[in-house]
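What follows draws every value from the coordinates through simple rules; no lab data is involved. Computed from a prediction, not measured in an experiment: that's the story for all the values here. Please note: Cβ atoms are built from the backbone with ideal geometry, for glycine as well, and neighbour counts cover all protein chains shown.
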Amino acid sequence: MFVVVGVSGGIAAYKSVQLVRGLVTAGHEVHVIPTEDALRFVGTTTWEAISRHPVTTSVHDDVADVRHVSLGTRADLVIVAPATANTLARMAAGIADDLLGVTLLATTAPVLVAPAMHTAMWEHPATRENMAVLRARGVQVIGPEDGPLTGGDSGPGRMSEPDDILAAALAIVPDRTDLAGLTVAVSTGGTREPIDPVRFLGNRSSGTQGAEVAVAAADRGAHVRLVAAYVDEGVLAAALRHPRVTVVRVATAVELRTAMLAASADADVAVMVAAVADYRVAEVSDHKLRKEDGTPTLDLVTNPDVLAELVAQRQVGQTIVGFAAETAADDAELRERGRRKRARKGVDLLAVNAVGWDQGFGAGENAVIVLDASDGVRAEVAGDKRAVADGLWDAVASVRG
Ligand SMILES: Cc1cc2nc3c(=O)[nH]c(=O)nc-3n(C[C@H](O)[C@H](O)[C@H](O)COP(=O)(O)O)c2cc1C
């Protein structure tokens with residue numbers, strides 16, 4: 001894994017030497033980016049010797065390598081340890097006046113900060129607000145711990161121990177590349193079938209599960225084509241930032257069919273998570289239907305069955321995965337419906353999940369049963385939608401051998 005370790009100007013910088021050493025010993029490629037102030041605590045010589053890479057604070061060194069962008073874009077993970085009050089404030093404000101600031105803006109990788117400062121600084125409203133901003137942006141935080149501080153005081157503000165930071169870092173980016181080299185196509189979101197220029201038939205899909213399936217595959221090394229119909233605000237943010245995800249936007253089932261068949265043509269795996277409308281309106285009105293025209297009757301026609309078409313055009317070695325959102329009275333009925341659907345569709349794997357008025361939609365938890373072609377249960381996963389996505393990819397990896 002390619003790890004950038006940002007170091008800012010606190011006494012705890014000396015402990016980050018051990019963190020860098022631990023990462024290097026574990027086989028990771030580590031690039032240290034100190035702030036100018038950090039170098040007053042631990043110098044360039046130490047960082048270069050420990051990381052075995054050149055170290056600079058400035059965007060004006062190694063300009064030919066476009067170092068100010070390349071470190072951030074190549075990073076799988078950025079750790080800032082220690083993170084001073086000043087550096088956290090700069091991060092919250094997006095200030096990019098040194099190599100660390102620019103790298104933090106250029107990266108799409110997960111960011112872990114290990115704050116270290118006097119308790120009064122940590123508890124100051126400015127720092128609290130900055131931390132809230134960073135957390136809301138998805139920055140992960142470890143510590144600070146409660147204990148003795150430089151200067152003789154004691155309280156929250158000690159940087160977490162290097163081994164704990166290392167463990168937290170590896171938990172954020174599980175070092176998995178089991179899908180490297182695969183190209184996968186994933187669909188997500190709900191289609192909208194127009195009735196007239198302002199109205200549509202839609203569904204409650206938020207697109208969250210499909211976006212997580214896409215990002216999980218990309219995190220595990222795959223190249224992902226994500227065909228996204230309508231999704232909730234913010235759902236695609238991580239996918240759009242991910243260097244291995246390409247997003248294609250569609251609106252209707254017919255558009256989704258075209259995009260998904262194209263995306264899947266030479267893909268190793270195709271996963272249909274999108275909630276594709278089964279029907280569309282036979283004749284879309286070119287003007288807004290008006291009340292005074294009387295109550296309209298909508299004639300519906302059946303939309304193409306995208307999953308069936310994917311199965312029909314399946315290439316040798318291609319794995320096709322469907323999702324079935326089912327309402328069922330109980331678990332037995334859910335499984336039975338799933339089995340019948342898997343056989344009918346001819347997919348390699350079918351992820352069956354129970355949906356209802358308060359189940360299955362949005363950012364909450366999900367639970368799926370993954371059925372395989374011999375009608376066996378290949379996996380049962382429950383948890384947040386990322387966990388479900390990873391469980392699904394484990395199942396895909398196991399059927400592909
Ligand atoms: C001995 C010493 C220890 C310091 N320790 C901390 C610290 O632990 N946390 C912190 O936020 N600032 C600490 N500071 C203050 C920072 O070094 C100062 O705010 C600096 O501007 C931080 O710059 P940087 O965030 O760009 O590295 C310390 C200063 C000195 C002289």
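For the chain, find the longest principal axis of its Cα atoms and tell me its angle to the long axis of helix 385-400, 0 to 90°, nearest 10.
The two axes meet at around 70 degrees.
To test your reading of the geometry: what angle, between 0 and 90 degrees and rounded to tens, separates the Cα axis of helix 125-136 from the longest principal axis of the chain?
Value to nearest ten degrees: 40.
Taking 7 Å along the Cα-to-C-beta vector as the label spot, tell me the V301-L240 distance in nanometres, rounded to one decimal.
Placing both labels 7 Å along Cα→Cβ, they lie 3.4 nm apart.
Putting +1 on Lys and Arg Cβ atoms and -1 on Asp and Glu Cβ atoms, find which of S51, A328, G294 reaches farthest to the positive end of the dipole of the chain.
Toward the positive end, the furthest listed residue is G294.
Summing Lys, Arg as +1 and Asp, Glu as -1, what charge do residues with Cβ under 15 Å from the Cβ of L39 carry, L39 excluded?
-4
Place +1 on the Cβ of every Lys and Arg and -1 on the Cβ of every Asp and Glu in the chain, take the dipole about the Cα centre, and give the residue among A275, A132, H28 whose Cα lies farthest towards its positive end.
A275
Any chance you could check the Cα centroid distance between the stretch 179-238 and the stretch 17-51 for me, in angstrom?
The distance from the Cα centre of the stretch 179-238 to that of the stretch 17-51 comes to 39 Å.
Stretch D146-T25 to full length: gain in nm at 0.36 nm per residue minus the Cα-Cα span?
40.7 nm
If I model a spin label as a point 7 Å beyond the Cα along the Cα-Cβ vector, how far apart are those points for H287 and V133 in nm?
Here the answer is 5.2 nm between the modelled labels.
Only four residue types carry charge here, +1 at the Cβ of Lys and Arg and -1 at the Cβ of Asp and Glu. Report the dipole size of the stretch 183-400 about the Cα centre in Debye, rounded to the nearest 20.
Here the size comes out at about 420 debye.
I need the shape label for the stretch 279-369. Rule: rounded when a/c is under 1.5, else prolate if a/b > b/c, else oblate, with a, b, c from the alpha carbon gyration tensor.
It is oblate, given that a/c is not under 1.5 and a/b is not larger than b/c.
Rounded to the nearest 10 degrees, what's the angle between the helix 208-219 long axis and the longest principal axis of the chain, both from Cα atoms, 0 to 90?
50 degrees
Give me P(r) over the stretch 2-172, computed from all C-alpha to C-alpha distances, binned every 10 Å, as integer percentages.
Values per bin, smallest distances first: 11, 43, 37, 9, 0.
Output the Kirkwood hydrodynamic radius of the stretch 239-337, Cα pairs only, in Å rounded to one decimal. Walk me through the numbers on the way to the answer.
Numbers: mean 1/r = 0.0601 Å⁻¹.
With all distinct Cα pairs of the stretch 239-337 included, I get 16.6 Å.
Charges only on Cβ, +1 for Lys and Arg, -1 for Asp and Glu: so what's the dipole of the chain about the Cα centre, in debye to the nearest 20?
Rounded to the nearest 20 debye, it is 560 debye.
Only sites in a loop by DSSP and with at most 14 other Cβ atoms within 10 Å count here; which trypsin sites (Lys or Arg not before Pro) in the stretch 261-302 make the cut?
Numbers: sites: R280, K288, R290, K291; in loops: K288, R290.
The qualifying sites are K288, R290.
Could you state the number of Å between the C-alpha centres of the stretch 80-133 and the stretch 273-307?
The two parts, judged by their Cα centres, are 50 Å apart.
List the aspartates and glutamates whose alpha-carbon lies under 16 Å from that of K385, not counting same-chain residues fewer than 8 positions away?
Excluding near neighbours in sequence, the set is E212, D219, D232, D358, E365, D394.
Starting from the stretch 122-184, pick out the trypsin sites (Lys or Arg not before Pro) whose DSSP state is loop and whose Cβ has at most 16 other Cβ atoms within 10 Å.
Values: sites: R128, R135, R137, R158, R176; in loops: R137, R176.
Here the sparse-neighbourhood loop sites are R137, R176.
Say the dipole of the chain comes from +1 at the beta carbon of Lys and Arg and -1 at that of Asp and Glu; which of I95, S206, L261 then lies farthest toward its positive end?
Of the options given, the answer is L261.
Please identify the longest segment of the chain free of exposed GluC sites (Glu not before Pro), where exposed means a DSSP state other than H, G, I, E or B and no more than 10 other Cβ atoms within 10 Å.
1-232
222 nm [θ] for the chain, helices only, -39500 (n - 2.57) per DSSP H run of 4+, per residue, to 500?
Computed mean residue ellipticity for the chain: -10500 deg cm²/dmol.
Please find the FRET efficiency linking R314 to E36, where r is the Cβ-Cβ separation and R0 is fixed at 35 Å, and quote it to the nearest 0.05.
On the way: r = 57 Å, r/R0 = 1.64.
The computed FRET efficiency comes out at 0.05.
Taking the Cα centre of the stretch 208-269 as origin and charging only Cβ (+1 Lys, Arg; -1 Asp, Glu), how large is the dipole, in debye to the nearest 20?
140 debye
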